[in-house]
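Visitor: Pasting a structure below so you can have a look.
Every number in this text was worked out from the coordinates using simple rules, so none of it is lab data. Note that the coordinates shown come from a computational prediction; the quantities given were computed from them, not determined experimentally. Using ideal geometry, Cβ is built from the backbone for each residue, glycine included, and neighbour counts are taken over all protein chains shown.
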Amino acid sequence: MAKPGIASMVCLTYTLQSGVFIFILPRLLAQTLGTNAWLLVPVCGLAAAGNIGLIALVHRLARGRPVPELLERLLPRRLLTVLYGILALFWATLAELVCREHTLTVQLISFPATYPIVLLVFVEIVVLYLVIKGFETIWRSAVFFFVFNFSVVFLVTPILPQVEWARFTSFWGKEGHYSLMGLLDIYSGFLGYEMFLFLYPHVKMGRLFTAVQLGNGLVTFVYTCVAWVCMGFYSLEQLKIIKYPVLNLMAYVEFPFLVRIDDFIFNLLFLKILISTSTFTWVGASLLKRTVGTGKHRVEALLITVSTAGVLLLVPPTIQDTARVLSWFAAAETAVAFLLPLAALLCVGLVRRKERRDSYA
């Protein structure tokens, strides 16, 4: 299997972290922090960079050994089976919730006459195909989508002359509700990097985590620019009530050869959701494979997909209900993203202590 290089890892990191979330970020910032809330975006980027640094530290102290290998030296097989099963089902469910929310949004905006289940089944088939084909197909697809999606960022440049500097007051954080769930929802837009805790055996090492940090920095820069432009274009009251402020912003951009550019951009960025969903599901299938041991990901991918579909039957197929459940899953994933590297560091310490004791025996 071909392994991605540094440039490919920057593309994969950017694709994993960013997505359709960028369309609602300015609204979340305005509702949570109020005036000049765009300043929170670099803070979240720094927090993500610190967490990526922890993952890099795990890799260095473990001397490149995979985290599952360290766990298998410490925990009994039955406990590992339960742990891998919970993580696989949790990540697959989270990925499917993200995919469902954005599929329902695409259906509402672009295909209102289409029954939602039809689009959901089509997306599930594509995700299952990518997972079965393996990580090489996923990262190659991420590089392909990155080339098209990153160019979309430059479409905000025609809006810059319409940004009003008067909207950037000297006050920070006025008229926000400061909820914990709101802050977690904002930070959830940076999640995805935690997958590299399990991906580094499948990539070329070299400057892997430098590439991940570059990808995270690129996401932070794009989020900051988009949030800044929206807060200078709309009033604070408008931002709080517009569901997709960036999409509305793109409606002001006109090209003679393209009608409804906002619709085109939304559907283009939706392709990145396929990569995020496939990566989370593939990592879950990889963990499950260590206990099932079938040699390929087909059985594990099918098992995870069927189990996830059963769990998601409990969630009504509406945008509001899906978004509410997804908000709680994203908050749990934020905790997982910070706790997993710390737990891995503890495992590294215990394994190295055990190895030293065995060497003296």
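Visitor: Could you tell me the convex hull volume per residue, in Å³, taken over the Cα atoms of the stretch 6-339?
Guide: Hull volume normalised by residue count: 136 Å³.
Visitor: Something else: For Cα pairs less than 8 Å apart in space and 6+ apart in sequence, what is the mean separation divided by the residue count of the stretch 6-339, i.e. the relative contact order in percent?
Guide: 43
Visitor: Something else: In whole Hz and in residue order, list the ³J(HN,Hα) couplings for the stretch 273-278 that follow from phi through the Karplus curve 6.51 cos²θ - 1.76 cosθ + 1.60, θ = phi - 60°; x for Gly and Pro.
Guide: Here the 3J(HN,Hα) series is 5, 4, 5, 4, 4, 5 Hz.
Visitor: Greater than 28 Å separation of Cα atoms is the criterion. Which listed pairs, Lys174/Lys243; Lys133/Lys243; Lys243/Lys272; Lys3/Lys243, meet it?
Guide: Table pairs above 28 Å Cα-Cα are Lys133/Lys243; Lys3/Lys243.
Visitor: Taking 1 over the mean of 1/r across every pair of different Cα atoms in the stretch 7-84, what Kirkwood radius in Å do you get?
Guide: Mean inverse Cα-Cα distance, inverted, gives 16.0 Å.
Visitor: With a 10 Å Cβ neighbour count serving as the proxy for reagent exposure, in which order, fewest first, do Tyr193, Tyr178 appear?
Guide: Tyr178, Tyr193
Visitor: Could you put Trp228, Trp38 in order, starting from the residue whose Cβ has the fewest other Cβ atoms within 10 Å?
Guide: Listed from fewest to most nearby Cβ atoms, that is Trp228, Trp38.
Visitor: Follow-up question, since we're still on this one. What FRET efficiency comes out for the pair Val147/Val43, r = Cβ-Cβ distance, R0 = 25 Å, nearest 0.05?
Guide: With R0 = 25 Å, the Cβ-Cβ based efficiency is 0.25.
Visitor: Using the Karplus curve 6.51 cos²θ - 1.76 cosθ + 1.60 with θ = phi - 60°, work out ³J(HN,Hα) for each residue of the stretch 322-337 in order, rounded to whole Hz, and write x for Gly and Pro.
Guide: Whole-Hz 3J(HN,Hα) from phi for the stretch 322-337: 5, 5, 5, 5, 4, 4, 6, 5, 5, 5, 5, 5, 4, 5, 4, 4.
Visitor: Order 83-89, 58-64, 273-279, 27-33 from most to least packed using the mean count of other Cβ atoms within 10 Å.
Guide: Order by mean packing, descending: 273-279, 27-33, 83-89, 58-64.
Visitor: Between the stretch 319-354 and the stretch 46-91, what is the C-alpha centre distance in whole Å?
Guide: So the two Cα centres are separated by 10 Å.
Visitor: What distance in nm separates the simple spin-label points at Thr81 and Arg65, each placed 7 Å from Cα in the Cβ direction?
Guide: Going by the 7 Å Cα→Cβ label model, 2.4 nm.
Visitor: How big is the stretch 320-359 in terms of Cα radius of gyration and Dmax, in angstroms?
Guide: Over the stretch 320-359's Cα set, Rg and Dmax evaluate to 17.3, 58 Å.
Visitor: OK, next. Provide the per-residue ³J(HN,Hα) series for the stretch 74-87, in order, calculated from phi with Karplus coefficients 6.51, -1.76, 1.60 and θ = phi - 60°, each as a whole number of Hz, with x at glycine and proline positions.
Guide: 10, 10, x, 4, 5, 5, 5, 4, 5, 4, 5, x, 5, 5
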